[in-house]
Structures are given as C-alpha cells and as structure tokens.
Amino acid sequence: MDYRAQIGIRFITRKKGSLIAACLAIAIAILVVSVNSVIFQGLYDAIVRDLVNYRYGHVYITKRGDFISRNDFMLVNWLDRIPWVQAAAPRLFTNVYSINATVNGQLIQDNNVPFQLVGVKPQWDIEASTLFQAVKGQYVSTRDSIVLGILVDRDLGYPKIGDTVKLKVRDQFGNDVLKRFVIVGTSQTAGNNGYDNGAIINIDTMREMIQRPGQTSEILVRLNDPTKANFTRALFLDAFPSSADNFKAQTIQQAAETQLSGFKSGIALINLVGLFGMVSSAFGVVTIQMMQVANKTRDIGVLRAIGAKRKDILMIFIFQGIVIGTLGVIVGTAMALGFTTYAKETHMTFNGSLALEVSYNWPGLIQTDILAFSLTIIASIYPAFKATQLQPVEAMRTA
C-alpha cells in the first residue's frame, strides 16, 4: 500500500469519533434519499397498481367521443385469443342525478349528485379487475342488485345490505328513468382509487335504463405480462383500423396521465430535497477534515520537514476522504436495503392508506452511492489544500 494511504488511514482511524461521525453523515444522507425513494416511488407505483386493478387494466380501450357500438362479446373474444391476455371486460358509465334510501323508517336523499354509475358484466369483470375484492358483501349478481361506494353509502345514512335504494338516471334522449335496486354490498378502496363515490350495477340493466343496447363505454384488458401493453395496444388498433370504430387504446400511463403527472412532479421535488441533504452531509465531512488538519498540524510539519511534498500531503487527506466515503457508502447501503426490505415485507401503509408497492431500485441506489462517494472526495479537497499551505517550521511551532 502507498505510504501516503497508510498515513492517511492512520490519521483518521486514531480519531474514531471523527471517523464515525463522518461516516454516519454520509450513511444517513444515503438512507434519507433511499427512504424518500421507497416511500414516494412506492406510493406512485401503488397508485398505478390500483388504477390497473380497479379502473383501467393494463390496456384501456375506448371510442373517441362516443360509445363503443361493436359487440362486446366479439371484442372480448378477440382479445382473449392473445396468449398473454389474462382477461378483458366491458364497462358502461352514466350519471346518477338523484338517489334515496329508507333507513330506520326515514327517507334519506343523497344531495351529493351527480355521481358515477358503473355497469359491469360480473363474470368477466371478476377476471379482468380486482374491484370485486374491494366489496364488503356481495359483488353485483342479479339484474336489480347494486353495490354502493362507501361515500354514497355514508351520505345515505349507512343503509344495510338488503335495503333498497331508488335512483334516477337519464337515457340517451334526456328522459328521466327511475329504478329501485337492492343493496348487496359496499365498495371501499384504499386511496379512493376505485368507485368509492359511485355505485355499481349490472351492465345489461344499465343498457336498458339508458337505452343503449349492446353499447359499451370502455373495455379494460388485463395482461399476464404487463411489459407487452404497448404491443397489445398496437395489435388491437391494427386489427380494428376502421374509421367507423374510431377506437382509442391506451396503456395505463397514457390513460391515467392526468392523475399521475402531478405525482411525478412531487417525486422530482422530493428527490431534489434529498440531494440537498446529501450536499449538507458533504459540508459535515469538510468540517471534520478541517478538524483533522488542525489536530495534525505538528505531524504535517514533521512530514514536510523530512521531505514530503505538497502533493503528498494533499494525497494523505484525500485518502482519508476515500476511507470515509467507502465506509459511509457501505453503512448507508446496508441501512437503505434494510429499510427497503422492511417496507416490502410488511406492505407498509400510512394511517390505513394504500399499501406501498415496493421494489428494489438497484440503479437508483448505485447512483446515490456514487454521488455520495464523489461528494465525500470533493469535500476532502479543500481541507487537503489547506494542509498543503502549512510551512514546516510554522506548523511545528504552532503545534
């Protein structure tokens, strides 16, 4: 080993308190950046996961400016022939303009209207989404059954399963249509990414109510291999290029772009805050290295007196920075991986919100480690330069 490295290591290891403090400053900076990444990227991925599971699937098919008029059985059957398609299901939407329920003999009207009414084909929807798993009670089964979103259920005074509600919609000609339904369940999703402020009925019942026989608002497609979403989208559009169909097929990132764009900006801001925290830790290294220079003034004077050049003194303190950076990165990486493993295995949540979708971000962790190590070396340059300015006689006299 180079004698300058040996001297540098000996200098820093003799002051174990300084070494531990400097290493912890780097390690905690890495941990903070990793915690931010795990929490906010995990929250972003969890939102995407739930939007896939409840609302859009991996591929989201609509018709531009209108309802899909092609037979849904034919479209779903075509999609099911693709090997990596797990399932596909149609949905139909309209607005509820009034709804009431009788609870304990009292008629309660929900004034928070309009809200969205969702029509599903139960057998297909169960295979293409996990919305049914968010239902307490039963999923939509019979033609006159309804699942209320938890917010609608609250506004109606919490009617019980088996009670009835009467709601009003408008058909495609603008006529009011009233129908009574039996409550079979309530729907509640973490993060409100489902239809908590809505209601779910059978799609065939809705078609009759709004006089849109055979029509569909959307088809959501669930894949066994999500990486083939773009290929599936292109395949579908190539198979149905007719201007009469005017289909629009989107991946989850395209379909939920408005919902996700703001969150992406938030993640970028949090990462920037973490970067400033890492820069702050570099100032801590500067302070500790300056203390080393002050404490080793006599040793520096002796080294200069026996022939050590300025560049040798410079290298001694840079080697100290290498030691601090290496140990800090090792400890920080271990702490970051420990937190990531804990968050992943416990399906971390905050106050009952949606569970984080945690994964090991190896490229991001490696970039953070490299940045932390580089900042440590840079932070060692100024104290090392100050050490080279000491004259041998003055250094020994000062000490």
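Can you tell me which residue is surrounded by the most Cβ atoms within 10 Å (Cβ to Cβ) among those in region 161-176 that are farther than 25 Å from Phe67 by Cβ and touching a residue at least 24 places away in the same chain (Cβ under 8 Å)? I'd like the intermediate steps shown before the answer.
Going through region 161-176, the residues farther than 25 Å from Phe67 by Cβ turn out to be 161-166.
Adding the requirement that they be touching a residue at least 24 places away in the same chain (Cβ under 8 Å) leaves 161, 163-166.
Values: Ile161: 14, Asp163: 15, Thr164: 14, Val165: 23, Lys166: 15.
Ranking the qualifying residues of region 161-176, first place goes to Val165.
With respect to Asp50, determine if the residue is over 15 Å from Ala343 (Cα atoms) and either out of contact with any strand residue (DSSP E or B) (no Cβ under 6 Å at 6 or more places or on another chain) or in contact (Cβ under 8 Å) with a residue 24 or more places away in the chain (or both).
Numbers: over 15 Å from Ala343 (Cα atoms): yes; either out of contact with any strand residue (DSSP E or B) (no Cβ under 6 Å at 6 or more places or on another chain) or in contact (Cβ under 8 Å) with a residue 24 or more places away in the chain (or both): yes.
Considered against the rule, which asks whether it is over 15 Å from Ala343 (Cα atoms) and either out of contact with any strand residue (DSSP E or B) (no Cβ under 6 Å at 6 or more places or on another chain) or in contact (Cβ under 8 Å) with a residue 24 or more places away in the chain (or both), Asp50 comes out as yes.
Can you go through Ser98, Ser145, Ser187 and tell me which one is under 34 Å from the mean Cα position of the chain (by Cα), surrounded by 15 or more Cβ atoms within 10 Å (Cβ to Cβ) and of a type in the set (Ser, Thr, Tyr)?
Testing whether each residue is under 34 Å from the mean Cα position of the chain (by Cα), surrounded by 15 or more Cβ atoms within 10 Å (Cβ to Cβ) and of a type in the set (Ser, Thr, Tyr) leaves just Ser187.
Within region 89-144, can you find the residues that are in a strand (DSSP E or B) and free of Cβ contacts under 8 Å to residues at least 12 places away in the same chain?
First pass over region 89-144, keeping only residues in a strand (DSSP E or B): 89-96, 98-103, 106-109, 115-120, 135-137.
Scanning region 89-144 gives Leu107, Gln109.
Could you tell me how many of the residues in region 1-57 are part of a helix (DSSP H, G or I), surrounded by fewer than 22 Cβ atoms within 10 Å (Cβ to Cβ) and at pLDDT below 80?
15
Sort out which residues of region 341-365 are over 17 Å from Arg49 (Cβ atoms) and either touching a Ser or Thr at 6+ places or on another chain (Cβ under 9 Å) or of a type in the set (Ser, Thr, Tyr) (or both), and write them in order of number.
Selection gives Thr341, Tyr342, Gly364, Leu365.
Out of the residues in region 203-229 that are out of contact with any Asp or Glu (no Cβ under 8 Å at 6 or more places or on another chain) and polar (S, T, N, Q), state the one that is surrounded by the most Cβ atoms within 10 Å (Cβ to Cβ).
That would be Gln215.
Can you list the strands (runs of 3 or more DSSP E) lying wholly within region 156-218 that have 2 or more residues being more than 21 Å from Arg55 (Cα to Cα)?
Numbers: elements: 164-170, 176-187, 198-202.
Those strands (runs of 3 or more DSSP E) span 164-170, 176-187.
Condition test on Thr232, is it of a type in the set (Val, Ile, Thr), open to solvent by less than 10 Å² (accessible area, probe 1.4 Å) and modelled with pLDDT of 90 or more?
On the way: of a type in the set (Val, Ile, Thr): yes; open to solvent by less than 10 Å² (accessible area, probe 1.4 Å): yes; modelled with pLDDT of 90 or more: yes.
Taking the combined requirement at face value, the residue satisfies it.
Can you name every residue in region 60-92 that is open to solvent by 30 Å² or more (accessible area, probe 1.4 Å) and closer than 19 Å to Ile126 by Cβ?
Tyr60, Phe73, Asn77, Asp80, Gln86
Which residue out of Ile150, Ile200, Ile126 is open to solvent by less than 10 Å² (accessible area, probe 1.4 Å) and either at positive phi or not charged (D, E, K, R) (or both)?
Values: Ile150 fails: open to solvent by less than 10 Å² (accessible area, probe 1.4 Å); Ile126 fails: open to solvent by less than 10 Å² (accessible area, probe 1.4 Å).
None of the other options fit; the residue is Ile200.
Could you figure out which of (1) among the aliphatic types (A, V, I, L, M); (2) more than 33 Å from the chain's Cα centre (by Cα); (3) under 12 Å from Thr94 (Cα atoms) isn't true of Leu178?
Exception for Leu178: condition (3).
Just to be sure before I move on: is Leu131 under 18 Å from Arg91 (Cβ atoms) and modelled with pLDDT of 95 or more in the structure I sent?
Numbers: under 18 Å from Arg91 (Cβ atoms): yes; modelled with pLDDT of 95 or more: no.
For Leu131, the condition - under 18 Å from Arg91 (Cβ atoms) and modelled with pLDDT of 95 or more - is not met.
The values are calculated or read from the model by the stated rules, or taken from the named source; none is laboratory data. The shown structure was predicted, so the numbers you read here are calculated from the model rather than taken from an experiment. Heads up, the Cβs are rebuilt from the backbone with ideal geometry, glycines too, and the neighbour counts pull from every protein chain shown. Just the protein is used for accessible areas: all its heavy atoms, side chains included, with ligands, DNA and RNA removed. Shrake-Rupley method; radii C 1.70, N 1.55, O 1.52, S 1.80 Å.
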